[in-house]
1. How far is it, in nm, from the label point at Ile61 to the one at Thr26 when both lie 7 Å from their Cα along the line to the Cβ?
2. Is region 1-74 best put as rounded, prolate or oblate by its Cα gyration tensor, with a ≥ b ≥ c the root eigenvalues, rounded for a/c under 1.5, and otherwise prolate when a/b is larger than b/c, oblate when not?
3. Amide H of Ile92: which non-local residues (sequence gap of 5 or more, or other chain) have their own amide H closer than 5 Å, using H built in the peptide plane?
4. Within region 139-183, find all residues whose amide N lies under 12 Å from a label point positioned 7 Å from the Cα of His88 along Cα-to-beta-carbon.
5. Which of the lysines could a cross-linker bridge to Lys158, judged by Cα under 25 Å and excluding same-chain residues fewer than eight apart?
6. Could you check the simple spin-label distance between Lys46 and Asp180, using points 7 Å along Cα→Cβ, in nm with one decimal?
7. Below 16 Å, Cα to Cα, which aspartates and glutamates can Lys10 reach? Residues fewer than 8 away in the same chain don't count.
8. In straight Cα distance, which lysines are under 24 Å from Lys9, not counting same-chain residues fewer than 8 positions off?
Amino acid sequence: MGFFKTDIKKYKRYSGNKSTLVLLLTTQGLWALSVYRFSNKIYRSKLPFALRKPLLVLCVIWQKWIEITTGISLPYSATIGHSFYIGHFGNIIINSATIIGNNCNISQGVTIGISGTLEKRGVPVIGDNVYIGANAVIAGKIMVGNHVVIGANSMVNKNVEDNSTVLGVPAKKISDKSSDGYI
């Protein structure tokens, strides 16, 4: 099943099984995600450069339009796994080199970006089944494990182990509770 189909399936489940058309017309997170999926497919395709390059230019323009209208920046070069869900739209910034695993949820105000100096400079790699709460910031060359909950308003700048909940500025592990129930 294609990634976009799994995204739609997840959005349907969370919306009480609204129709795909209604979701596509009314859900800003899904607008941004559909532009990302289409653009990423072109970016990763084996199309000849002479065809791929102009298509990517159009994708960037389309992405900027979505960014302006929704406040969501999902660059086509980022890697986002299947069943991705954006709970609420607005002020979501994801670095173009970010890697996000399968079946993840993010809320409004989330920033996933570059930080650090010298050999510690980089962007996060986020595992599978991760829930990221509102206004969380995840930055630097770090690994966020699988089945993790990142609490609202947290600043994550260190590795997070599997099956844990982190909270605070800077984020600290507060429990061994996994993301089950959040996703």
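Values quoted throughout were computed directly from the atomic coordinates according to the rules given, and no laboratory measurement underlies them. Since the structure is predicted, the reported quantities are computational estimates derived from the model, not experimental observations. Every residue, glycine among them, receives a Cβ derived from its backbone with ideal geometry; neighbour counts consider all protein chains shown.
1. 3.2
2. Numbers: a/c = 3.26, a/b = 1.65, b/c = 1.97.
Since a/c reaches 1.5 but b/c is at least a/b, the shape of region 1-74 is classed as oblate.
3. Sorted by chain and number, the residues that satisfy this are Ile72, Ser73, Gly109.
4. 152-153
5. Lys120, Lys141, Lys172, Lys173, Lys177
6. A separation of 4.1 nm, rounded to one decimal place.
7. Within reach: Asp128, Asp180.
8. Straight-line reach from Lys9, under 24 Å: Lys18, Lys41.
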